[in-house]
1. Name the long-range amide H neighbours of residue 66: under 5 Å, sequence gap of 5 or more, or other chain; modelled H, no Pro or chain starts.
2. Any idea how many Lys pairs in the stretch 10-103 come in under 17 angstrom at the alpha carbon, given 8 or more places apart or on separate chains?
3. What net charge is computed for the residues neighbouring residue 3, neighbours being all others with C-beta under 9 Å from the C-beta of residue 3, Lys and Arg scored +1, Asp and Glu -1?
4. Share of the stretch 36-84's accessible area from carbon and sulfur, percent, 1.4 Å?
Amino acid sequence: MGVQLAQEHHPDLIICDVMMPELDGYDVLIALRQDPSTIKIPFIFLSAKAAKDDFRKGMSLGADDYLTKPFTPRDLREAISIRLEKQTMMMARYAQELELAMGSLPTDRESTVWDYFCSDRECSGHRRSR
């Protein structure tokens, strides 16, 4: 269910528990990382499984962070903030690189690759190259 929702709605970030009844969090992450449409969505595990092996498994599967329970609201806010900021910087960087690869766009053209990638995302604070 969660995998399907992520594939349909492309959220900005996914927070997932490791231990779930039908499909565990590791399998959710594997499914999302195999789908080109969800591969780059930041993914944070929340888990009571605090052993080093559990942490390493989550990170080696491609999780962006792994918080162990109990955690504070501040811990969670910080993890989310860091992941979203990193995602914003990556999107801005990809847009700049794509613009450079495409060459100079006409100066009278308002819509650029930057605008396409950043129109619905928070890219403020990152300057595009001209």
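1. For residue 66, the qualifying residues are 45.
2. Count of close lysine pairs: 5.
3. -2
4. 57
The values are calculated or read from the model by the stated rules, or taken from the named source; none is laboratory data. Note that the coordinates shown come from a computational prediction; the quantities given were computed from them, not determined experimentally. Note that each Cβ is placed from the backbone with ideal geometry, even for glycine, and that neighbours are counted across all protein chains shown. All accessible areas refer to the heavy atoms of the entire protein, side chains included, with ligands and DNA or RNA removed. Shrake-Rupley method; radii C 1.70, N 1.55, O 1.52, S 1.80 Å.
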